[in-house]
Amino acid sequence: MNTIKECFETILRGDKNDSRLAARRVRKLLYSSHGDREKFTMIKDIINGAPDEYVKITEDWRQENFVMAVAVIYFLRDKESQPDFLFSWLFHLLQHSNGYIRHAAVKMITNEIGPLTYHIRFPDEKSSFHELPPAQANAILHSLSHSLNGLLTILWEPKFKKYKYIESLPASPYKSVQMVLAELEESYESQEQELENFYHSTMEIESKEKILQRRKEIEQEIVDMLGETESDFTLQDVKGAIYNEEETDDFQDVLMMFDDGSPENLSNALEVANDAWNYFVHKALGGISPAEKLLQHHSKNKI
């Protein structure tokens, strides 16, 4: 096994011991020589094809070896081509029963957060990571955040309520998702800057009248959905949870108000909860909504 390509062939086709040794040799070969253009091109090809190769693997131990080896070289993937195209696969890995696979998935997703939030953390500096436009990066971050919160809703169990800190949670897919969200949250320098950048690409700047009109429409949508899911919660419960939000988990609490165990309803709930979060007032924002905050910021910059 003198090349990374040979290591992956052994990982996928060798016996249990050879596969394990090959997975551990990838790191050594990765740093054994520098400036090898052909090696890095091959690495990109391996990463791009990883989801398709993974679905062919039937043995748990081989899945573990494969994913852990991909995680070692993941930072060298082609960032210019479809920057978030592997996320659906990584979300699948986050729910795996194998802790090593989940840890590798956490590592790969958090590897993306730095480049995606660079324009937020360093607004006046040009990124050397890639030429991804800020609007596209914001759209990916928005989708990532709400997809992860959706996973939390699916994975949540009553026993998790007693744990105050992520570190104290028992090893589980739920903890892995929380770890990614914590990393995402820490990448924002301030709430003010987060609102300015995070919502700008996903929300149209609207007039005060349109915001109030949309808020009324969302209120009716929430009432209808609470009825469809036979929820014990009310519109005021939803508005209260959003108004008093303090942590990332609070969005999950809103989602759970619509949870009736149906994947179809969860998808609709994600959309409605997202709209409610954007258009309902937050105490942390001084009693206005993110949509109003965006309008406020836009009006201030026009003066």
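FYI, it's all coordinate maths here, none of it is from the lab. Because the structure is predicted, anything quoted here is derived from the model rather than measured. Neighbour counts are summed over all protein chains in view; Cβ atoms, including those assigned to glycine, are modelled from backbone coordinates with ideal geometry.
Each semi-axis of the equivalent ellipsoid for region 1-75 is √(5λ) with λ an eigenvalue of the Cα gyration tensor; in descending order they amount to 20, 14, 9 Å. Listed from fewest to most Cβ neighbours within 10 Å, the set S176, S168, S147 follows the order S168, S147, S176.
Couplings for region 281-294, taken from phi via the Karplus curve 6.51 cos²θ - 1.76 cosθ + 1.60 with θ = phi - 60°, read 7, 10, 4, 5, 9, x, x, 10, 9, x, 5, 5, 5, 5 Hz in order; Gly and Pro are left as x.
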